[in-house]
1. Could you check segment 299-318 and list, in sequence order, the residues that are open to solvent by 100 Å² or more (accessible area, probe 1.4 Å) and closer than 30 Å to LEU425 by Cα?
2. From the list ALA374, ALA470, exactly one residue is modelled with pLDDT of 90 or more and more than 36 Å from the chain's Cα centre (by Cα). Which is it?
3. State whether one or more residues within segment 414-423 are crowded, with 18+ Cβ neighbours inside 10 Å, closer than 18 Å to SER472 by Cβ and among the β-branched types (Val, Ile, Thr).
4. Report yes if LYS331 is over 24 Å from GLU528 (Cβ atoms) and without any contact (Cβ under 8 Å) to a residue 40 or more places away in the chain, otherwise no.
5. Filter segment 359-379 for residues that are farther than 15 Å from ALA346 by Cα and acidic (Asp, Glu) and give the result.
6. Say whether the condition of being of a type outside the set (A, V, I, L, M) and under 20 Å from PHE103 (Cβ atoms) is met by at least one residue in segment 160-169.
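The values are calculated or read from the model by the stated rules, or taken from the named source; none is laboratory data. Worth saying up front: this structure is predicted, and the values here are computed from it rather than measured. All Cβ positions, glycine included, derive from the backbone under ideal geometry; neighbour counts span all protein chains shown. For the accessible areas, the whole protein counts, side chains as well, though only heavy atoms, and no ligand, DNA or RNA atoms are used. Shrake-Rupley method; radii C 1.70, N 1.55, O 1.52, S 1.80 Å.
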Amino acid sequence: MMRQENHGDQEADLHASQDDMESLVLDEPPSSNGQSSPSASTSVDRHSATATPATSSQGFNSILEPPSYADAIFTSFDSSSSNGHDCPKPSSYQSESPTRSEFLKIWVTDPQKELELSNSLVPGGTSYYTYLITTRTNMPEYGGPGSEFTVRRRFKDVVTLADRLSESFRGFFIPIRPDKSVVDSQVMQIEQFVELRRVALAKYLNKLAVHPTIKKSEELRLFLVVKGKLPLTRSVDMASRMLDGAVRLPRQLTGEATAVTDVNEAAQPAKGGRDLLRIFRELKQSVVNDWGGVKPTAVEDDKEFLERKEKVAEFEQQLSNLSQQAESLVKAQQDMGETMGELGLAFVKLTKLETEGAMFESQTIRANDMKNVATASVKASRLYRELNSQTVKHLDKLHEYLGVMLAVNSAFSDRSSALLTVQTLSSELVSLQSRIEKLEAAASKIFGGDRSRMRKIEELKETLKISEDAKSCAVREYERIKENNRSELERLDRERHEDFMGMLRGFVLNQAGYAEKMANAWEKLAEETGGYVKDGS
């Protein structure tokens, strides 16, 4: 690992071992977040802005001492961070709030392994991890200023929260929860997997905490505040949905005429098992829409939304391409930094060889010049590493917005599902009305009427009334989702502009700033070796 040992107090040993030199040059330890540690930033304040150039009397290993970080870090190029090393600001996409002083901060810490004995057939039971979730806020929904809560939750609780939010806030751009990652848990070391999950959960919960609507939800409040068992009922067979958003049609339409379903259930998604027949009805309606050649009674006629949806799809495609290019840039800068470090090490070894066999002053001068080349190479390597960490910090916004696109597509899917529900109920109403008319026509041909047909007609009329109420409820839900989509798209456009302007500014200024620093290092070396040009002329 790169070591910083007594800057200016001791000269490094001239004949340090080759392994020490390699580790000193090539294995600089990153901080936990891939950026400089606070102590490194502090050292900038303690040291002068320009490092003193190494002289020929110093040991050759001294070129491996980290140069003053004032040479690699600057404050005037990117105002979004102090010296370019503070943690990036949260995305404004999920940070707008009516009151700027209002906050909801969440920390996820202290993973603990626990045993689940109740459902286990194996002695000792199965194990799982819980995480300590600490919340601090001044929001009135949580008790006002000074409110702080701590609860323990397992990953299953987070899944339940995500499912409930998806049901309650259809049409909103809800942040996507972390995957369960069963494969990763089997491949990684358990400590590494638990830590990665802890970080992912913290990011997810803080994204929920800055969403202007979800942060005030009762679901999130219960998750963060109530100790013990999570007081949110789990959804039934969430994974078994064939059409997300399919509704519970009145039971009379599926052969269960003994009870009447609450018409408000038309606004709720169908779940597997008991809702299977309703799902098939919506599947049938979907096929009719695509292949039947008959225009549905209800269609998506919002031209502005359809145009915005197309633009969002195109934006997602371009964002994916740009994200891949950003990854290539980061890899190229990383390779360049490593290559410059290896070049510096090679010059160190050559300098050592020249020094050990030096018999003439010209050999000593040449060795000193090679040492200066090694110094510039190592400094350039450090600058590339610093630049790469800044590049990752700023361009990570692209990856973040790829996650946002998943939430956008999910909200659009809610809208399509709600429309399909309205279409299905409309088709059922037409079918019921047709059956009633046919039965009434048949009954009218019989003198005195047909009692069995009349009873059937009354049943169908009752079913028709229930279905009309269910359709009205479904239409209201569809209109609500449309409004949610509209407001969320406006918010996305506004905050995307702010986020991308900040990203581009930080990226460009850091590229220019570090390029200038590298140019200064090589320019200085060119001046030091300028004597060769004079001698040659």
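1. Across segment 299-318, the qualifying residues are ASP301, LYS303, GLU304, GLU307, GLU310.
2. Within the list ALA374, ALA470, the selection yields ALA374.
3. Looking through segment 414-423, at least one residue is crowded, with 18+ Cβ neighbours inside 10 Å, closer than 18 Å to SER472 by Cβ and among the β-branched types (Val, Ile, Thr).
4. Considered against the rule, which asks whether it is over 24 Å from GLU528 (Cβ atoms) and without any contact (Cβ under 8 Å) to a residue 40 or more places away in the chain, LYS331 comes out as yes.
5. Within segment 359-379, just GLU361 meets the criteria.
6. no
Results for (1) buried (at least 18 other Cβ atoms within 10 Å of the Cβ); (2) closer than 30 Å to MET518 by Cα; (3) more than 25 Å from the chain's Cα centre (by Cα), shown as yes or no for each residue.
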position	(1), (2), (3)
SER320	no, no, no
GLN325	no, yes, no
VAL330	no, yes, no
LEU343	yes, yes, yes
SER362	no, yes, yes
ASN368	yes, yes, yes
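Table: residues versus (1) among the basic types (Lys, Arg); (2) touching a residue at least 40 places away in the same chain (Cβ under 8 Å); (3) outside the structural domain of SER328 (by the TED database); (4) not in a helix (DSSP H, G or I).
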| position | (1), (2), (3), (4) |
| --- | --- |
| GLY344 | no, yes, no, no |
| THR351 | no, yes, no, no |
| THR355 | no, yes, no, no |
| ALA358 | no, no, no, yes |
| ARG366 | yes, no, no, no |
| MET370 | no, no, no, no |
| SER377 | no, no, no, no |
| ASN388 | no, yes, no, no |
